[in-house]
Amino acid sequence: MLTICSKIVVPYDHSESSKKALKMAMNLAKQNEEIELNVVMVIQPQYPYGLPYAYAFSYEERVELGKSQFETSQHILDEVMEELQFLPNKTKTFLLEGSPAEVIVDFIKGNDVDLVVMGSRGLSGVKEMFLGSVSHHVVQRATCPILIVK
Ligand SMILES: Nc1ncnc2c1ncn2[C@@H]1O[C@H](COP(=O)(O)OP(=O)(O)O)[C@@H](O)[C@H]1O
Ligand SMILES: [Mg+2]
């Protein structure tokens with residue numbers, strides 16, 4: 001196993017699908033404690049629809065919105081880190097900002113990743129397509145094998 005896989009990355013958005021992916025990745029990592037496991041969460045500043053946000057919100061309000069999103073995500077990742085501590089493996093969590101699909105692909109390309117384990121679905125609730133938009137993009141652009149968990 002180690003010869004083909006020494007670093008596993010789980011893109012995590014706290015959706016049911018990504019929770020399953022995380023469990024699966026933890027089980028894989030348990031096979032060999034030299035496998036490193038990285039969990040990556042990407043936040044993208046979100047503003048309610050309607051008026052362009054620049055008009056609807058003051059600068060201070062936008063800073064506040066960004067901060068609360070950051071704190072919520074950091075809290076989720078802290079909980080993930082607690083779970084990961086039960087593994088003997090080296091584990092890390094990353095909170096990154098930007099367009100999730102692009103940031104995840106850049107992370108994979110820049111970090112010598114051997115395997116990505118991610119969910120087929122996320123938080124959007126759009127279910128017409130076989131894959132969610134982020135998983136679709138990552139499958140097309142990533143440079144390593146990807147395990148999609150349903
Ligand atoms: N912001 C994000 N940060 C990290 N991983 C993400 C993010 N959004 C989605 N993912 C990963 O992509 C999987 C599929 O989600 P996504 O493609 O966004 O589906 P949907 O379109 O249903 O929201 C998730 O289970 C998770 O593994
Ligand atoms: Mg999504």
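Residues are listed down the side, and each one gets a yes or a no for (1) surrounded by 14 or more Cβ atoms within 10 Å (Cβ to Cβ); (2) closer than 23 Å to Ser6 by Cα:
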{"residue": "Tyr59", "(1), (2)": "no, no"}
{"residue": "Thr93", "(1), (2)": "yes, yes"}
{"residue": "Glu97", "(1), (2)": "yes, no"}
{"residue": "Gln140", "(1), (2)": "no, yes"}
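Of all residues in the range 121-150, those that are in contact with a Lys or Arg (Cβ under 6 Å, 6 or more places away or on another chain) and within 6 Å of ligand 1 (Cβ to nearest atom) total 1. Of all residue pairs spaced 6 or more apart or on separate chains, those with beta-carbon atoms under 6 Å, a first member in the range 32-44 that is assigned to a strand (DSSP E or B) and a second member that is of a type in the set (D, E, K, R) are Glu36/Lys7; Glu36/Lys90; Asn38/Lys92; Ile43/Glu97. The set of residues in the range 63-78 that are of a type in the set (Asp, Glu) and closer than 16 Å to Ala25 by Cβ is empty.
Does the range 54-75 contain any residue that is among the charged types (D, E, K, R) and modelled with pLDDT of 95 or more? Scanning the range 54-75, I find no residue that is among the charged types (D, E, K, R) and modelled with pLDDT of 95 or more, so the answer is no.
Scanning the range 111-134 for residues that are of a type in the set (S, T, N, Q) and either free of Cβ contacts under 8 Å to residues at least 12 places away in the same chain or surrounded by 17 or more Cβ atoms within 10 Å (Cβ to Cβ) (or both) turns up Ser120, Ser124.
Taking the range 90-116 on its own, how many of its residues are away from ligand 2 (no atom under 16 Å from the Cβ) and within 10 Å of the chain's Cα centre (by Cα)? Adding up the residues that qualify gives 3.
Just checking, how many residues over the range 107-117 are touching a strand residue (DSSP E or B) at 6+ places or on another chain (Cβ under 9 Å) and away from ligand 1 (no atom under 11 Å from the Cβ)? Qualifying residue count for the region: 6. Go through the residues of the range 119-132 one by one and say whether even a single one is of a type in the set (Val, Ile, Thr) and over 20 Å from Ala29 (Cβ atoms). Scanning the range 119-132 turns up at least one residue that is of a type in the set (Val, Ile, Thr) and over 20 Å from Ala29 (Cβ atoms).
Of everything in the range 117-138, what is charged (D, E, K, R) and more than 11 Å from ligand 2 (Cβ to nearest atom)? Give them in sequence order. Scanning the range 117-138 gives Lys127, Glu128.
Taken over the range 64-86, the residue count meeting the criterion of being more than 12 Å from the chain's Cα centre (by Cα) and under 27 Å from Thr143 (Cα atoms) is 2.
The values are calculated or read from the model by the stated rules, or taken from the named source; none is laboratory data. Since the structure is predicted, the reported quantities are computational estimates derived from the model, not experimental observations. Here the Cβ is made from the backbone with ideal geometry for all residues, glycine too, and neighbour counts use every protein chain on show.
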